[in-house]
């Protein structure tokens, strides 16, 4: 047993840092913040040009064959920097789904363009009123000759307004049990009948509500078998659900550390006060735990030992920790703690105020904290099904 | 990185677990309660070499890694072992670190089984030591008196303290003449306290894990409104939170222990971090599991109260978690 950092991961970490120094400029960060659209084509192209759209894929499929420990280091660095990775991630999810379930005609086109960063996929899974009960999706797809006609609405289709395709889960059989009447499609977002309404979120990030009115697509854009969409989605989203949120906490703490070196009213460094030390110490412990839970998760993957509840634990702990610590740090910063990023009087560069808002999304998307707790209770502790 | 214990470590864990399963059952823990110490368990621990393993080979010990000690401590905690093993191990390591002939002689007599040495966690104040763990049963306690490490004899100077955790605690009056083992040794003593924090974190993780198991078992069996209470999310979800925190506390305690040899520059931060996090985790897990028992949890008859009381008391004799977080932050800042 040892906790030595993984060598390959540390090397990749350095490469990612150098890459971000060059590509994730202050201007780009400002643009992301100002527009609320956390996606940038130039960034995605730069990422793709390094072969980093799917670094974990085997080389023969266009990846770099990075192992899970390297991927962990890779993702940690991008998160800490606040890089616009959601678009590349949802694109990878789509590519992954197509690689597993697509036809031989679909694969070369979709996968090649995805890995080149030339195309952005977004997710059309959640629905208004659906929430955690994803399988209750009401959006319909009805067969008409060799076409499908789609009607319905999807919620939280982040990047739909800048993306090219939506990976869409639709009901194709209303008579079957809810998990068995769903089918997965790839729908071009410039299709007539698609309406995209912006939804501004608490973190300032834009997502979308999307409407589908008699949207026609050919059967060739169906991914996987008819009524097998639930399985297709489960495989695709396994990538999303194992994700912990660690980078934001690390970034927040680095800003807080800088603030704590400033002087208080008596002219001492704030970091010398017991109160500040307690709050920082607790966040340091939580950040260690986040990292250890994520590392072990990745390590189990690397051993080809499928993690059971470890992924849920990492996701639950990390999202609850940033929720707790961001609120605590806003308190610690005093009244000015509520000033926003960009205000020169905002302490800790407004990072705590931002994290306080941002954190509330993390406990929801990718499976709410309640869903994670149920998974842990049922699969980890062997308690009876609780809903 | 490797999260699996080695073959040797697995054997070590199995050996100690078997020992505790026999000599530190809940019944024995209860019957030891008036004094908080079981002499038979103490003999068994001596026989298996719990003390020797903590001491480097050049000082006559078996020189186990610090991580090995933590693995054992997890099981010590899991079985609520009524014996000041961790204190004795840390005292022996401190003696080895102090060098000097007096310390060496004392260490030899400890290893030979002729002297039972513990350590006072709080520094001497007003010629007295407070809440010395194992203080009611040991022969002598190592203590920090200003910047000197002294050996304080316990016979005739102590009186037992009844306490929350039914621990063998004593307040001790320091006699006029004590044996000074080393001058200018506060750093060595602080290091010993860090080691104690780390092993206690391990013990608290073991305690928390077992307490959670008891709560989960109960939630599966006990029915209310016609269903097992574990099927209520209001019952299940707090247990899931504790299961998660326990995994975190477990990995953090092991990392802290590993860092003694693997990343020594971070040990002084990881020790109080692991201690604080494990303390809070054990408190919450034992509280949740007790509460799941409803009114039965409030009865002395059910074992869960044994865990609940010790979760608080084991850590409290040094410092509360908030202080430990602050200590870690101060050290982190000093190191940056």
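Can we say residue A:278 is at the interface with chain B (Cβ under 8 Å from one of its Cβ atoms) and under 17 Å from residue B:326 (Cα atoms)? Yes, satisfied. If only residues of segment B:320-336 that are surrounded by 19 or more Cβ atoms within 10 Å (Cβ to Cβ) and in contact (Cβ under 8 Å) with a residue 24 or more places away in the chain are counted, the one that is nearest to the other protein chains (Cβ to nearest Cβ) is B:325. How about segment B:22-42: which of its residues are surrounded by fewer than 17 Cβ atoms within 10 Å (Cβ to Cβ) and part of a loop (DSSP other than H, G, I, E, B)? B:25, B:33, B:34, B:35 - these are the residues of segment B:22-42 that are surrounded by fewer than 17 Cβ atoms within 10 Å (Cβ to Cβ) and part of a loop (DSSP other than H, G, I, E, B).
Restricted to segment A:302-387, the set of helices (runs of 4 or more DSSP H) holding at least 3 residues that are more than 13 Å from chain B (Cβ to nearest Cβ) comprises A:310-332, A:351-362. Take the conditions more than 14 Å from chain B (Cβ to nearest Cβ) and surrounded by 20 or more Cβ atoms within 10 Å (Cβ to Cβ) and apply them to residue A:232. Does it pass? Answer is yes for this residue.
Tell me yes or no: at least one residue of segment B:243-260 is more than 10 Å from chain A (Cβ to nearest Cβ), part of a helix (DSSP H, G or I) and surrounded by fewer than 24 Cβ atoms within 10 Å (Cβ to Cβ). Yes.
Set side by side, the residues B:192, B:170, B:224 differ, and just one is closer than 24 Å to residue B:311 by Cα and outside the structural domain of residue B:135 (by TED's automatic domain parsing), which is B:192. Could you pull out every one of the strands (runs of 3 or more DSSP E) wholly within segment A:135-193 that has 3 or more residues that are buried (at least 16 other Cβ atoms within 10 Å of the Cβ)? Qualifying strands (runs of 3 or more DSSP E): A:147-154, A:165-171, A:182-188. Of the residues B:12, B:19, B:45, the single one that is under 30 Å from residue A:305 (Cα atoms), touching a residue at least 12 places away in the same chain (Cβ under 8 Å) and buried (at least 19 other Cβ atoms within 10 Å of the Cβ) is B:12. Applying the selection to segment A:34-50, what residues are free of Cβ contacts under 8 Å to residues at least 40 places away in the same chain and over 28 Å from residue A:341 (Cα atoms)? A:50, the sole residue that qualifies. Of the helices (runs of 4 or more DSSP H) entirely within segment A:1-105, those holding at least 3 residues that are surrounded by 20 or more Cβ atoms within 10 Å (Cβ to Cβ), under 19 Å from the mean Cα position of the chain (by Cα) and not assigned by TED's automatic domain parsing to the domain that holds residue A:314 occupy A:41-49, A:68-81, A:86-101.
Would it be correct to say that residue B:265 is within 20 Å of residue A:314 (Cα to Cα) and either in the same structural domain as residue B:214 (by TED's automatic domain parsing) or in contact (Cβ under 8 Å) with a residue 24 or more places away in the chain (or both)?
Details: within 20 Å of residue A:314 (Cα to Cα): no; either in the same structural domain as residue B:214 (by TED's automatic domain parsing) or in contact (Cβ under 8 Å) with a residue 24 or more places away in the chain (or both): yes.
Against the criterion (within 20 Å of residue A:314 (Cα to Cα) and either in the same structural domain as residue B:214 (by TED's automatic domain parsing) or in contact (Cβ under 8 Å) with a residue 24 or more places away in the chain (or both)), residue B:265 does not qualify.
All conditions in (1) over 27 Å from the mean Cα position of the chain (by Cα); (2) more than 13 Å from chain A (Cβ to nearest Cβ) hold for residue B:228, with the sole exception of (2). Residue check: residue B:238 meets all listed conditions (1) more than 14 Å from every other protein chain (Cβ to nearest Cβ); (2) in contact (Cβ under 8 Å) with a residue 24 or more places away in the chain; (3) assigned to a helix (DSSP H, G or I); (4) surrounded by fewer than 22 Cβ atoms within 10 Å (Cβ to Cβ) but one, namely (1).
Could you run through segment B:289-319 and say how many residues are surrounded by fewer than 22 Cβ atoms within 10 Å (Cβ to Cβ) and within 13 Å of chain A (Cβ to nearest Cβ)? Counting residues in segment B:289-319 that are surrounded by fewer than 22 Cβ atoms within 10 Å (Cβ to Cβ) and within 13 Å of chain A (Cβ to nearest Cβ) gives 1. Just checking, does segment B:206-225 include any residue being surrounded by fewer than 24 Cβ atoms within 10 Å (Cβ to Cβ), facing chain A (nearest Cβ under 7 Å), in a helix (DSSP H, G or I) and free of Cβ contacts under 8 Å to residues at least 24 places away in the same chain? Yes, segment B:206-225 has at least one match. Any chance you could count how many residues in segment A:262-292 are crowded, with 24+ Cβ neighbours inside 10 Å and either part of a loop (DSSP other than H, G, I, E, B) or modelled with pLDDT under 95 (or both)? Residues in segment A:262-292 being crowded, with 24+ Cβ neighbours inside 10 Å and either part of a loop (DSSP other than H, G, I, E, B) or modelled with pLDDT under 95 (or both): 0 in total.
The values are calculated or read from the model by the stated rules, or taken from the named source; none is laboratory data. From a predicted model like this one, the values you see are computed outputs, not experimental measurements. When we count neighbours, we look across all protein chains shown, and the Cβ atoms used for this are built from the backbone with ideal geometry, even at glycine.
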